[in-house]
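Input: a single structure, listed below in structure tokens.
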Amino acid sequence: MTTTRNSRPIPILMYHQCATPPAKGTPFRSLTVDPAVFARHMRWLKAMGYRGLSMRDLQPYLRGEKQGKVFGLTFDDGFVNVAENAVPIMADLGFTATNYFVAAQVGGTNAWDAEKGVPTAQLMDGAQIRAWAKAGHEVGSHTIAHANLKECSADQAREQIGGSRKMLQDVSGESVDAFCYPYGYYLPEQCALVAESGYTNATTTRRGRVQPGQDMMELSRVHVLRSTHFASMMIKLFTPREELRGR
Ligand SMILES: [Zn+2]
């Protein structure tokens, strides 16, 4: 097990879509952050002296080799609206991010959420993923089929985790080293499988900042939702308290 060696808690922000949120009452509406709001979050963090980094760029800080005012910046699922709306904002500020792509849905949609009534949204295709990487951002994996790993056999999990890495490396031409568990679901033994498959880090949906000594294959994140207010974001990111679970 590889653990982090950061001396202070490091926040890793979790975003999904960056677009005008759908109508009130739409399932998972909270996962869409308006571009103007995203821009405010990022500019505000920049004004506080913080730099947003992809999981790749965050590694030296997680390993305790570097200290500084940094936070991890992650997007789940690979939505086109992130390329369209978030990339220009990040470029302005010199921030980088990791997007976790679903290998069998390159150029597809968030079809796995359709049965819950979540509106269909377009996911980046191969050219868009390569442009994402070329702009300095990181290509991470979110399995082949947005799999619920808790329901996978050992062989299925190995395929979803290791197979998606290979597929996304083929698409992007980059090493894929960052993994994210779909729905935040996984079995304890699957953390070792993620490491064996060649990833150096994996994020969960467990809430909170990365505490010193956390397992690199089970990194917690700070959820940022449509309605997250500055004040509560500030508390989530920067209070000196050790644990803020449930916020
Ligand atoms: Zn997801």
Item checked: Sole exception among (1) in contact with a Phe, Trp or Tyr (Cβ under 8 Å, 6 or more places away or on another chain); (2) more than 18 Å from residue 73 (Cα to Cα); (3) not in a helix (DSSP H, G or I) for residue 199, by number -> (2)
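Determine which member of the set 158, 206, 165 is in contact with a strand residue (DSSP E or B) (Cβ under 8 Å, 6 or more places away or on another chain) and in contact (Cβ under 8 Å) with a residue 24 or more places away in the chain. First the steps, then the outcome.
Details: 158 fails: in contact with a strand residue (DSSP E or B) (Cβ under 8 Å, 6 or more places away or on another chain); 206 fails: in contact (Cβ under 8 Å) with a residue 24 or more places away in the chain.
Unique residue meeting the criteria: 165.
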Checklist line | Residue that is farthest from the ligand (Cβ to nearest atom), among those in segment 183-202 that are in contact with a strand residue (DSSP E or B) (Cβ under 6 Å, 6 or more places away or on another chain) and of a type in the set (A, V, I, L, M, F, W, C) | finding: 194
Check: Pick from segment 142-190 the residues that are within 14 Å of residue 203 (Cα to Cα) and small (Gly, Ala, Ser): which of them is farthest from the chain's Cα centre (by Cα)?
Finding: 184
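Based on this model, can you work out whether residue 176 counts as part of a helix (DSSP H, G or I), crowded, with 23+ Cβ neighbours inside 10 Å and of a type in the set (Val, Ile, Thr)? Can you show your working first?
Numbers: part of a helix (DSSP H, G or I): no; crowded, with 23+ Cβ neighbours inside 10 Å: yes; of a type in the set (Val, Ile, Thr): yes.
No; evaluated as a whole, the condition is false for this residue.
Within segment 164-182, does at least one residue satisfy the condition of being aromatic (Phe, Trp, Tyr), closer than 17 Å to residue 76 by Cβ, modelled with pLDDT of 95 or more and within 16 Å of the ligand (Cβ to nearest atom)?
Among the residues of segment 164-182, at least one is aromatic (Phe, Trp, Tyr), closer than 17 Å to residue 76 by Cβ, modelled with pLDDT of 95 or more and within 16 Å of the ligand (Cβ to nearest atom), which makes the answer yes.
Please state which one of 121, 103, 86, 97 is touching a residue at least 40 places away in the same chain (Cβ under 8 Å), within 21 Å of residue 30 (Cβ to Cβ) and either within 13 Å of the ligand (Cβ to nearest atom) or not aliphatic (A, V, I, L, M) (or both). Reasoning before the result, please.
Working: 103 fails: within 21 Å of residue 30 (Cβ to Cβ); 86 fails: either within 13 Å of the ligand (Cβ to nearest atom) or not aliphatic (A, V, I, L, M) (or both); 97 fails: either within 13 Å of the ligand (Cβ to nearest atom) or not aliphatic (A, V, I, L, M) (or both).
Selected residue: 121, the only one of 121, 103, 86, 97 that is touching a residue at least 40 places away in the same chain (Cβ under 8 Å), within 21 Å of residue 30 (Cβ to Cβ) and either within 13 Å of the ligand (Cβ to nearest atom) or not aliphatic (A, V, I, L, M) (or both).
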Next item on the list: Sort through 25, 64 and tell me the only one that's without any contact (Cβ under 8 Å) to a residue 12 or more places away in the chain and either on the phi > 0 side of the Ramachandran plot or buried (at least 18 other Cβ atoms within 10 Å of the Cβ) (or both).
Entry: 25
Check: What is the number of the single condition among (1) within 14 Å of the ligand (Cβ to nearest atom); (2) closer than 21 Å to residue 179 by Cβ; (3) in contact with a Phe, Trp or Tyr (Cβ under 9 Å, 6 or more places away or on another chain) that residue 108 does not meet?
Finding: (3)
Checklist line | Sole exception among (1) within 11 Å of the ligand (Cβ to nearest atom); (2) without any contact (Cβ under 8 Å) to a residue 40 or more places away in the chain; (3) out of contact with any strand residue (DSSP E or B) (no Cβ under 7 Å at 6 or more places or on another chain) for residue 92, by number | finding: (1)
Checklist line | Check on residue 120, assigned to a loop (DSSP other than H, G, I, E, B), modelled with pLDDT of 95 or more and of a type in the set (Val, Ile, Thr) | finding: no
Checklist line | Residue count, segment 168-192 (criterion: under 18 Å from residue 108 (Cβ atoms) and free of Cβ contacts under 8 Å to residues at least 24 places away in the same chain) | finding: 1
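Does segment 134-158 hold any residues that are assigned to a helix (DSSP H, G or I) and crowded, with 17+ Cβ neighbours inside 10 Å, and which are they?
Taking segment 134-158 and keeping what is assigned to a helix (DSSP H, G or I), we get 134, 149-151, 154-158.
Once the filter is applied, which keeps residues that are assigned to a helix (DSSP H, G or I) and crowded, with 17+ Cβ neighbours inside 10 Å, segment 134-158 yields 149, 157.
The values are calculated or read from the model by the stated rules, or taken from the named source; none is laboratory data. Every value quoted in this text rests on a predicted model; they were computed, and no experiment measured them. Quick reminder, even Gly has a Cβ in these numbers, built from the backbone with ideal geometry, and neighbours come from all protein chains shown.
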